[in-house]
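Since the structure comes first, as structure tokens, the remarks are kept for the end.
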Amino acid sequence: NQAGSGALAGAVPVLKETGKLILAYPRRIKIPLGLVIANAAVQAGDVDLATNYLQMISEEDPTPKEVDQLALVEGKVQQLVGEFDAASEAWKSILEGEHRPSIADSILRRVELELTSKKMKIKDAIKELEEARFSWRGDDLELKLLWKLGRLYFQDEDYRNGLRTLRSAGSYFGKHPDAPKVTEDMSEAFVTLYLKDIADGLPPVQAIGLFEEFKELTPAGEQGDVMIQKLADRLAQVDLLERAAKLLMQQVDFRLEGEEKARVGARLATIRLLNKQPTMAADAITRSDE
């Protein structure tokens, strides 16, 4: 019960003493329990115990789905002992298998391993994870897939898909203990994009479109105000005056007070004048004085 509840590594000492009892069990019980013990051994770093149980299970004429699960654990064992090519091959062997959670898990593990060893390009990793995300839905594994995929999109400078993927992960798994970390990654990426001038590398229309799609991530306070003003200035520089004015007007109406409100109001009035809207320019000054 301890192994099945998720405390696998902690159960290993007990399993070493009592695990052999499963040899007398019927096959339908023996194989699932053997897999639990093998996984527990991997988590505890006990290669010999894991290998022994994998050998035992393989001699019980496993079904195709059980073969997939065996290969998944075998890959973990090979990774544990530093045989990374063998681990990758074990996980690759599952791709045409029948056990969907093992397929998805093996893809994620192989992608992470081959990215670390520089044997896979980011675009190839994204493609594999996009396919894997539909292999298995609704548990920790899907969250891990989405989280990794979102961060890979950022590395590939595909910020829209990165933000959308992490937003999906946060939405689907809002009650998961890791959900706040996913949201934090998404917010940090958004702030970095606009505060550290990365968005300057995007076409202006794409930069404002991305901002508007995820504007709820704009932080409160000075940091968010600076982000908005930097984006508005860039829009104004390329004659997207109406969109620049809309950003600044929202600041004047809802975010700023005092001298800063007056300063941004003056900037808004200037943009209105450049856009040949003198009446709206005067209104901007009035609003910023309220």
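The values are calculated or read from the model by the stated rules, or taken from the named source; none is laboratory data. All of these numbers come straight from a predicted model, not from anything done at the bench. Please note: Cβ atoms are built from the backbone with ideal geometry, for glycine as well, and neighbour counts cover all protein chains shown. Heads up: the accessible areas ignore ligands, DNA and RNA and are worked out on the full protein's heavy atoms, side chains in. Shrake-Rupley method; radii C 1.70, N 1.55, O 1.52, S 1.80 Å.
For the reader, a short list of remarks on this structure follows.
- Distance from the Cα centroid of region 196-274 to that of region 120-134 is 35 Å (rounded to whole angstrom).
- Value at 222 nm in deg cm²/dmol, rounded to 500, when DSSP H runs of n ≥ 4 in the chain each add -39,500 (n - 2.57): -23500 deg cm²/dmol
- Rolling a 1.4 Å probe over the protein heavy atoms gives the chain an accessible area of 53 Å² per residue.
- Residue-count net charge about Arg234 - beta-carbon cut-off 12 Å; Lys, Arg +1, Asp, Glu -1: -2
- Among the listed pairs Lys144/Lys230; Lys118/Lys144; Lys92/Lys148, those beyond 25 Å (Cα-Cα): Lys144/Lys230
- Element breakdown for the chain at a 1.4 angstrom probe: carbon and sulfur atoms account for 51% of the accessible area.
- Other residues lying with their Cβ under 14 Å from the Cβ of Tyr194 contribute a combined charge of -4, Lys and Arg counting +1, Asp and Glu -1.
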